[in-house]
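The values are calculated or read from the model by the stated rules, or taken from the named source; none is laboratory data. Since this is a predicted model, take the numbers as computed values, not measurements. Positions of Cβ are generated from backbone atoms using ideal geometry, with glycine treated the same way; all protein chains shown enter the neighbour counts. Quick note on the areas: whole protein, heavy atoms, side chains included, nothing else; ligands and nucleic acids left out. Shrake-Rupley method; radii C 1.70, N 1.55, O 1.52, S 1.80 Å.
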Amino acid sequence: MDFPRPDGFGNYLLKDFGDIVLPAAVPWWPLGPGWWVLLAVTVLALTLFAYFRYRHWRRNAYRRRALRSLAQMDNLRQVTGILKTAVYGAFPSDCVAPLWGADWVAYLNSKTAFPCFEPSDSECFNALLSCPERHWPADIQSIQDRVRCWLQQHQEEKR
């Protein structure tokens, strides 16, 4: 007994089947609704990020100005004025004009996570304002570094 053989190689039951026909490629445009939602969320997130960065940059203008003044000062007596100006920029609602000595140093240390100034720095601030240079304490040159540290690390008042 002999079986009929198909014309081509393979299963003779599949002889009338055609090739696989692929559908047309899906176009990129117009976008589907999910892509539009993703695009809108991305644009909104980037806009909010840019807005908050700009607002932070504007709020810290006093800090950049104070650090620039500190780097360009020619007399160590200017440290107190630079520091007071920065405090007025960071904490406009605080009354710091009458503060001096130990109260001034305690106020400055209360505005940072860890204290930048030592209790003996109150004598340095007083000497800067009232004594001639030859009577300044020996460690007074380090006050500029402590002021720079405070300017970089304090947290300004939220507005």
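Residues in the stretch 70-81: is at least one aliphatic (A, V, I, L, M) and within 17 Å of the chain's Cα centre (by Cα)? Looking for residues that are aliphatic (A, V, I, L, M) and within 17 Å of the chain's Cα centre (by Cα), one finds none in the stretch 70-81, hence no. In the stretch 109-124, which residue that is touching a helix residue (DSSP H, G or I) at 6+ places or on another chain (Cβ under 6 Å) and within 18 Å of Ile82 (Cα to Cα) is surrounded by the fewest Cβ atoms within 10 Å (Cβ to Cβ)? Residue satisfying both the conditions and the ranking: Thr112. Each residue in the stretch 36-86 was checked for being under 30 Å from Ile143 (Cβ atoms) and in contact with a Leu (Cβ under 8 Å, 6 or more places away or on another chain), and 11 pass. I'd like to check something: does the stretch 111-118 contain any residue that is of a type in the set (D, E, K, R), touching a residue at least 40 places away in the same chain (Cβ under 8 Å) and outside any helix (DSSP H, G or I)? Checked the stretch 111-118: at least one residue is of a type in the set (D, E, K, R), touching a residue at least 40 places away in the same chain (Cβ under 8 Å) and outside any helix (DSSP H, G or I).
Contact map, the stretch 58-86: first residue closer than 14 Å to Leu108 by Cα and in contact (Cβ under 8 Å) with a residue 60 or more places away in the chain, second residue aromatic (Phe, Trp, Tyr) and open to solvent by less than 30 Å² (accessible area, probe 1.4 Å), Cβ cut-off under 9 Å, separation 6 or more or different chains; pairs are Val79/Phe125; Leu83/Trp104; Leu83/Phe125; Leu83/Trp150; Ala86/Tyr62; Ala86/Trp150.
Whether any residue in the stretch 44-53 is at pLDDT below 95, β-branched (Val, Ile, Thr) and either over 30 Å from Leu128 (Cα atoms) or open to solvent by 100 Å² or more (accessible area, probe 1.4 Å) (or both) is what I want to check. No, the stretch 44-53 contains no residue that is at pLDDT below 95, β-branched (Val, Ile, Thr) and either over 30 Å from Leu128 (Cα atoms) or open to solvent by 100 Å² or more (accessible area, probe 1.4 Å) (or both).
The condition of being out of contact with any Phe, Trp or Tyr (no Cβ under 8 Å at 6 or more places or on another chain), modelled with pLDDT under 95 and open to solvent by less than 100 Å² (accessible area, probe 1.4 Å) holds for only one of Leu39, Leu31, that being Leu31. Taking each residue of the stretch 129-146 that is open to solvent by 40 Å² or more (accessible area, probe 1.4 Å) and looking for partners that are hydroxyl-bearing (Ser, Thr, Tyr) and part of a helix (DSSP H, G or I) with beta-carbon atoms closer than 8 Å, six or more apart or interchain, yields Leu129/Thr80. A count restricted to the stretch 91-105 and to residues that are open to solvent by 60 Å² or more (accessible area, probe 1.4 Å) and within 28 Å of the chain's Cα centre (by Cα) stands at 3.
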